[in-house]
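Below is one structure, written out as structure tokens; comments come after it.
The values are calculated or read from the model by the stated rules, or taken from the named source; none is laboratory data. On a predicted model such as this, the values are computed, not experimentally measured, just so you know. As a convention, Cβ positions derive from the backbone with ideal geometry for all residues, glycine included, and neighbour counts pool all protein chains shown. To get the accessible areas, we keep the full protein, side chains included, count just its heavy atoms, and leave off ligands, DNA and RNA. Shrake-Rupley method; radii C 1.70, N 1.55, O 1.52, S 1.80 Å.
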Amino acid sequence: MRELSEFAKQFLSRATSHVTRWHHRHAAWKESLAEHHALTGRMAYEVGCLLIDLGICTTSEVIPEKVLVAGVYHDEHETVTGDIPTSAKRLIPGMREVIERWDRTATQMLWGDYPEQLQERLRRIVRQSALTEVEKQVVHYSDALSAYSYARDQVLMGNEYFKHIVEFTESEEYLAGLDYPWLSELREAAGLP
């Protein structure tokens, strides 16, 4: 077998496929970070397209290809930190901020053997510093939809451990936290949760 450079080893890494999400719950099947990234990216792209096609937003507010890429990389830091459940982030006051600092530190550790320009480009994607406010909202909403989709599938298969996640995501309390100016119009036009 051919000897690879450190860059090639990192480039070919399947690390995101080895990070398990929902590890703290009984699940009919486990979801990898790679699966979650792919679904979030696809959903973000389609939400971005819908926002433009329905005339809710313009291309100066959201570019579907940008949110697709951001969705595919949005939790990349979890290859270093692992998936920290949202419930754990809510347990201790100030915990969310500590975890966000940890995530930023982990992001700086990623792609260490990549060419410098590519490292910075990828880190900007994960930090979402190159996105408009609407694009950040689209990625966040798509991330939530991906989790909702997984939880809903679990419940449909008879797994009641995920029922409260589905119910909370469908609640007005949760939707009030997604105070995005475009969301109610999109939900009504496209029938999305």
Tally up the residues in the range 159-173 that are surrounded by fewer than 20 Cβ atoms within 10 Å (Cβ to Cβ) and either charged (D, E, K, R) or in contact (Cβ under 8 Å) with a residue 60 or more places away in the chain (or both), please. 8
Working only within the range 130-180, note down all residues that are within 14 Å of VAL67 (Cβ to Cβ), part of a helix (DSSP H, G or I) and not hydrophobic (A, V, I, L, M, F, W, C). GLU133, GLU135, LYS136, GLN137, HIS140, TYR141, SER142, ASP143, SER146
Of the residues in the range 67-87, how many are assigned to a helix (DSSP H, G or I) and either aromatic (Phe, Trp, Tyr) or in contact (Cβ under 8 Å) with a residue 24 or more places away in the chain (or both)? 12
Hey, ALA34 more than 14 Å from the chain's Cα centre (by Cα) and either of a type in the set (A, V, I, L, M) or surrounded by 14 or more Cβ atoms within 10 Å (Cβ to Cβ) (or both) or not: no
Of all residues in the range 1-22, which are assigned to a loop (DSSP other than H, G, I, E, B) and under 7 Å from LEU33 (Cα atoms)? VAL19
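Give ALA130, ALA70 a once-over and let me know the one that is under 28 Å from ARG25 (Cβ atoms), out of contact with any Pro (no Cβ under 6 Å at 6 or more places or on another chain) and among the small types (Gly, Ala, Ser).
Matching residue, one of ALA130, ALA70: ALA70.
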Which pairs do you get when a residue that is in contact (Cβ under 8 Å) with a residue 40 or more places away in the chain, found in the range 126-144, comes within reach of a residue that is open to solvent by 60 Å² or more (accessible area, probe 1.4 Å), reach meaning Cβ atoms under 6 angstrom, with the pair 6+ apart or on two chains? VAL126/TYR73; GLN128/LYS136; ALA130/ARG124; THR132/GLU61; VAL134/GLU61; GLU135/LYS66
Go through the range 95-130 and report how many residues are among the aromatic types (Phe, Trp, Tyr) and open to solvent by 70 Å² or more (accessible area, probe 1.4 Å). 1
I'd like to know if the range 29-45 contains one or more residues that are at pLDDT below 95, part of a loop (DSSP other than H, G, I, E, B) and not hydroxyl-bearing (Ser, Thr, Tyr). yes
Out of the residues in the range 15-31 that are small (Gly, Ala, Ser) and more than 18 Å from the chain's Cα centre (by Cα), state the one that is surrounded by the fewest Cβ atoms within 10 Å (Cβ to Cβ). ALA28
Lone unmet requirement of (1) modelled with pLDDT of 90 or more; (2) farther than 17 Å from LEU131 by Cα for SER87: (1)
If the requirement is being farther than 19 Å from ARG127 by Cβ, over 15 Å from the mean Cα position of the chain (by Cα), among the aliphatic types (A, V, I, L, M) and open to solvent by 30 Å² or more (accessible area, probe 1.4 Å), which of these qualifies: LEU12, LEU51? LEU12
